[in-house]
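Some notes on the structure that comes next.
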Amino acid sequence: MPNNCRYSIETGLRNGQSAGNIRSDADAKQLSVFILSCIEGSYSVAKSVQSKAFFDSSIDQLITFVNGLAAKSHES
């Protein structure tokens, strides 16, 4: 299952690069591993400390990171 998720994330990143939305210098395969690890790790720790707020905060930071991958022409 994690490999299917990683591949889906990688495909989404590559599609974003093809569309010019994500920087072309971003390594989609490595980023997909990082993104999945962040999600899985955040879920695991949040579950162990029984805190949805922990998960939400972690995912908010991941979203900020991903937004930083925007191609120059697509930045706000």
Practice task
Could you give me the residue pairs with C-beta distances under 6 Å whose first residue belongs to segment 1-29 and is exposed (fewer than 14 other Cβ atoms within 10 Å of the Cβ), whose second residue is of a type in the set (S, T, N, Q) and in a helix (DSSP H, G or I) wherever it lies, and which are 6+ apart or on separate chains?
Solution key: SER24/GLN17
Exercise for the section: Please verify whether segment 56-66 includes one or more residues that are touching a Lys or Arg at 6+ places or on another chain (Cβ under 9 Å) and hydrophobic (A, V, I, L, M, F, W, C). Expected result: no
Exercise for the section: Scan segment 58-76 for residues that are over 16 Å from ILE9 (Cα atoms), surrounded by 13 or more Cβ atoms within 10 Å (Cβ to Cβ) and either modelled with pLDDT of 95 or more or of a type in the set (D, E, K, R) (or both) and report the count. Expected result: 1
Handout entry: SER51 surrounded by 14 or more Cβ atoms within 10 Å (Cβ to Cβ) and either in contact with a Phe, Trp or Tyr (Cβ under 7 Å, 6 or more places away or on another chain) or not hydrophobic (A, V, I, L, M, F, W, C) (or both)
Key = no
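The values are calculated or read from the model by the stated rules, or taken from the named source; none is laboratory data. Computed from a prediction, not measured in an experiment: that's the story for all the values here. Here the Cβ is made from the backbone with ideal geometry for all residues, glycine too, and neighbour counts use every protein chain on show.
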